[in-house]
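For reference, the structure is listed below as structure tokens.
Taken together, the values in this text are just the output of simple stated rules run on the coordinates, not laboratory data. Fair warning: this is a prediction, and the values are worked out from it, not measured in the lab. All Cβ positions, glycine included, derive from the backbone under ideal geometry; neighbour counts span all protein chains shown.
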Amino acid sequence: MQMNSVVARVTDRIRERSAPTRDAYLRQVDEMAARERGSDRLGCANVAHAIAALPADDKRKVVVQRLPNIGIVTAYNDVISSHAPYARYPELIKDEARRHGATCQVAGGVPAMCDGVTQGTPGMELSLFSRDVIAMATAVSLSHDVFDAALMLGICDKIVPGLLIGALHFGHLPTVFVPGGPMASGLSNSEKAQVREQAAQGLVGREALLESEMKAYHSPGTCTFYGTANSNQMLMEAMGLHVPGAAFVHPGDGLREALTREAVRTVLGNVRGRRFLPIGRQVDERCIVNAMAALLATGGSTNHLIHWVAVARAAGIRIDWDDFSDLSSVVPLLARVYPNGQADVNGFQAAGGPGFVIRELLDAGLMHEDVLAVREEGLRAYTRAPAAEGGALAWRDIGETRDPAILRPAADPFSATGGCKLLTGNLGRSVIKVSAVPADRHVIEAPARIFDTQEALQAAFQSGELEQGCRANGSNGLVCVVRWQGPQANGMPELHKLTPTLAVLQGKGLRVALVTDGRMSGASGKVPAAIHVSPEAAAGGPLALLRDGDIVRLDADQGRLQALVPHEEWIRREPAKITEAQQAANGARLGRELFASMRRNATEAEQGACTWL
């Protein structure tokens, strides 16, 4: 299949833009890969320390037989439901490594927080920066420098991007990512959302809301909506970093253990002396474009318009939101998964899952097939689904969609364009996830109401002030602006708690939108939301120029976000400043003091909100 001209042009543009940094990165990868093995290169005392706790047979394999030694970096904890199954993975992995004459050590653990637990709390202000902490912890884990390959155990929102950034800084190591799978379907996402909206209106109390949430989040495994965690898994498949088809097999399924053991065999197949494939060589500009296309085709998390910029930078590759926007103009929307549809990820998997999407994009010339993957068969291997046959793993063709309400072919998509769009104008650059927004809400023009915190917006809703304002201003609408939510202000928290609030107003026929320099992520739903506004208000961005009552036009069809204020007046305005009290509050209690340097040094959202540059 001939490559789509826009995809080819974007890829070439990224390659040319990235040439100096990518070349420097690859030189470093090659220099590191050319060294002797760690146990041969390090001093005797260093080696003795590194393997002191290993059984005698494993010590002999490392030092005498010079067999591969795999480092595990794990994000295990049992607060995050999706990571709880990882408790038993290291012993399973070690057992499989021994069966193949190799050794394995847990190189280190990385912190992993659950955004579902911290939503709407001060802890959420550590969430985005936890990605870079995870990247640094990955580097610390691998810094013993005694490993021939690595396995990354992580699934959720910041964990996979953090592990990937860290792994790319050890780009000379062959690396495979090992998922754990989603929990079984519980209360449907649409029913859960309905109860949340009822709770926002005071129609049900805490007891009913808690019962609903516990029916939705009920067992080990990833949450079942298509948020950042499950978008991570889709992108790992599209980048060829998983064992094919591993993303959405349940933790308790017998196939799960077989796929985890296969990950060990796969990474051992890529070490030196065999088919040597360091992750730094594998993740090139084509691989990054494939991830972007898969994200757009599935209406995935807007968080990845930040995270994958940072991931690409870790590999010496420069991408921006123009690249996403141009790809979105030709990559069709192939999936309807909650919040873009009624199905959850289990329904998505049953309909054909990642393999169906990857096959359709490859066959339509919308993904690069000539890329490296952890499997020697290449990316085409990721268009097949794993199964157990005769006690062994086998992969079968996906076939046609098994539910056209969830998955459609590229020739008959849900939409001819992708699920995310770039907005530009005098309010800066931002993104909007349109895949779940009704077509009649793609354009909102209404007076702005400025809030400095999400709590202030919720208080205005509870008092009836928002609804009264919508009905009294003649437009039957309101653009709620929540500023001081960017990386430098308070760490750029997700503002999910606002989703039910604004959905209630929209459900009453009011035309509402959200504009913020904060995040809404993979749970962005049916209310139009211009998010990640850059530059952020705290850095002097244009949201600081807005005043209550200014007319704001959010136009997702034309890709515009504009304050309809005369230019002469606009340029004369003095930007508002975050108050000292609010700035102090952003850095106080619950560990936020420790992240002060990250807030000071964070780049803009479009530059990946990186703290390590």
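Candidates GLY180, PHE147, PHE248 compared by Cα position along the dipole of the chain: farthest toward the positive end lies PHE147, with charges placed on Cβ.
With each label modelled as a point 7 angstrom along the Cα→C-beta vector, the SER329-GLU593 pair spans 5.1 nm. Computed packing ranks the peptides 598-610, 195-207, 296-308, 161-173 as 296-308, 161-173, 598-610, 195-207, most packed first, by mean other Cβ atoms within 10 Å. Rounded to 0.05, the FRET efficiency of the ARG600 and ALA350 pair, given R0 = 51 Å and the Cβ-Cβ distance, is 0.60. Fully extending the segment from VAL79 to GLN583, taken as 0.36 nm per residue of separation minus the present Cα-Cα distance, adds 178.4 nm. Need one number: nm distance between label points at ARG560 and ARG380, each 7 Å from Cα along Cα→Cβ, rounded to one decimal. Computed distance between label sites ARG560 and ARG380 equals 4.7 nm. Taking 0.36 nm per residue of sequence separation and removing the Cα-Cα distance, the ALA24/ASN46 pair yields an extension gain of 5.0 nm.
What the phi angles of the stretch 419-426 give under the Karplus curve with 6.51, -1.76 and 1.60, with θ = phi - 60°, is a coupling list of x, 10, 9, 8, 10, 10, x, 6 Hz, glycine and proline written as x.
With q set to 0.15, 0.20, 0.21 Å⁻¹, the log10 of I(q)/I(0) for the stretch 175-317, from the Debye formula over equal scatterers at the Cα positions, is -0.87, -1.19, -1.25. Based solely on its DSSP helices, what 222 nm [θ] is calculated for the chain when runs of n ≥ 4 H residues each add -39,500 (n - 2.57) and the sum is averaged over all residues, nearest 500 deg cm²/dmol? -11500 deg cm²/dmol, from helical runs alone. The Kirkwood radius of the stretch 226-296, taken over pairs of alpha-carbon atoms, gives through the Stokes-Einstein law at 10 °C and 1.306 mPa s a diffusion coefficient of 119 µm² s⁻¹.
Our note on the geometry: Cα centres of the stretch 323-348 and the stretch 448-520, 25 Å apart. For MET3, MET113, MET367, MET214, the sequence from fewest to most other C-beta atoms within 10 Å is MET214, MET3, MET113, MET367. The length gained by stretching the chain between ALA56 and SER190 to full extension, at 0.36 nm per residue less their Cα-Cα distance, is 42.7 nm.
Which of GLN583, GLY509, VAL482 sits closest to the plus end of the dipole of the stretch 420-607, meaning its Cα is farthest towards the positive end, when Lys and Arg get +1 and Asp and Glu get -1 on the C-beta? It is GLY509.
If you wrap the tightest convex hull around every Cα atom of the chain and split its volume per residue, you get 150 Å³.
Each of TYR86, TYR217, TYR382 was scored by other Cβ atoms within 10 Å of its Cβ. Arranged with the fewest first, they read TYR217, TYR86, TYR382. Close amide H pairs (under 5 Å, H built 1.01 Å from N) link VAL106 with ILE72, residues at least 5 positions away or on another chain. Principal axis analysis of the Cα atoms in the stretch 420-607 yields extents of 44, 37, 30 Å, listed in decreasing size. Label-to-label distance for GLN119 and SER475 is 2.8 nm, based on points extended 7 Å past Cα in the beta-carbon direction. Rounded to the nearest whole Hz, the Karplus-based 3J(HN,Hα) values (6.51 cos²θ - 1.76 cosθ + 1.60, θ = phi - 60°) of the stretch 333-338 follow the sequence 7, 9, 10, 10, 10, 3, with x at glycine and proline. For a Förster distance of 22 Å, can you work out the FRET efficiency between the beta-carbons of ARG99 and ARG275, rounded to the nearest 0.05? The pair ARG99/ARG275 has a calculated efficiency of 0.65. Cβ crowding within 10 Å, taken as a proxy for footprinting-reagent exposure, orders ASP57, ASP555, ASP30 from fewest neighbours to most as ASP57, ASP30, ASP555. Over all projection directions, the Cα-based convex hull of the stretch 59-118 averages an area of 4.3 nm².
Dipole magnitude for the stretch 489-591: computed about the Cα centre from +1 point charges on Lys and Arg Cβ and -1 point charges on Asp and Glu Cβ, it is near 340 debye. Using only side-chain charges placed at the Cβ, +1 for Lys and Arg and -1 for Asp and Glu, the dipole size of the chain relative to its Cα centre rounds to 800 debye. I'd like to know which of ALA50, SER130, ASN4 lies farthest towards the positive end of the charge dipole of the stretch 1-145, counting +1 on Cβ of Lys and Arg and -1 on Cβ of Asp and Glu. Farthest towards the positive end: ASN4.
Working from Cα pairs under 8 Å separated by at least six residues, relative contact order for the chain is 14 percent.
Kindly state, to the nearest 0.05, the FRET efficiency for ALA405 paired with GLU455, given R0 = 30 Å and r defined as their beta-carbon distance. Approximately 0.20, to the nearest 0.05.
Rounded to the nearest 20, the Cβ-based charge dipole of the stretch 331-479 about its Cα centre (Lys and Arg +1, Asp and Glu -1) stands at 180 debye. For the stretch 380-471, GluC sites (Glu not before Pro) are listed when DSSP marks them as loop and at most 12 other Cβ atoms sit within 10 Å of their Cβ; the list is GLU400. Here the contact order of the stretch 420-607, divided by its residue count and restricted to Cα pairs under 8 Å and six or more residues apart, works out to 29 percent. Shape verdict for the stretch 1-125, please, from the Cα gyration tensor: rounded (a/c under 1.5), prolate (a/b greater than b/c) or oblate. Taking the square roots of the gyration eigenvalues as a ≥ b ≥ c, the stretch 1-125 is oblate.
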